[in-house]
Amino acid sequence: MAEDEIRYDNLIQDALRGVIREVLVLVKQHGLPGDHHLYIAFDTNAEGVQISKRLQEQYPEEMTIVLQYQFWDLLVAEDRFEVKLSFSNVPERLVVPFGAVKAFYDPSAQFGLQFSKPGAANDAARQHLAAALPDLVAETDEVSQGMNAPDIPTDADDERADEIELEEPETEPGRSTGEVVHLDRFRKK
């Protein structure tokens with residue numbers, strides 16, 4: 001890809017990371033409503049990630065955290081969030097830049113996001129992450145027993161979607177769709 005092109009894939013990923021930021025701001029201000037709980041998977045080696053040496057050894061590449069009942073001191077900045085969690089009854093402070101987030105999932109809303117490294121859109125890493133997200137959730141679902149992850153859409157689903165025939169919307173006889181309407185028609189004279 002030429003350097004002078006607009007990188008829409010990166011812009012979209014940044015915008016979606018902004019969704020995570022806004023959700024965390026709401027959680028900080030109002031707490032988690034109802035049954036909402038958040039799974040956040042991140043790259044433990046990404047620039048700006050701060051976790052203890054013990055956690056780094058235990059999770060050398062990737063870590064998934066759950067924000068539900070036992071978290072505190074949530075801070076949300078423009079480029080990162082900080083939170084304290086307990087791991088085996090040991091309180092830990094984590095600093096996670098939004099750029100390090102690989103996946104975000106709220107099972108109660110069946111809402112999830114997956115991210116790839118810049119320039120890796122639609123590559124094998126993204127597909128692997130999409131396939132692994134339900135496993136990540138299952139591995140860390142100690143707090144929320146009985147919650148199942150929904151199926152994550154795959155490229156095969158996209159191909160099946162292309163095969164679906166869409167019905168044309170019904171229109172009144174003598175009336176066409178897609179008309180251009182001039183606003184002057186509706187102005188008082």
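Here, each number is a calculation from the coordinates, and none is a lab measurement. Just so it is clear, the model here is predicted, and its values are computed rather than measured. Ideal geometry is used to build each Cβ from the backbone, glycine not excepted, and the neighbour counts take in all protein chains shown.
Some points to look at:
- Projected area averaged over orientations for segment 8-95, convex hull of C-alpha atoms, nm²: 6.2 nm²
- Exposure proxy ranking, count of Cβ atoms within 10 Å, fewest first, for LYS28, LYS102, LYS53: LYS53, LYS28, LYS102
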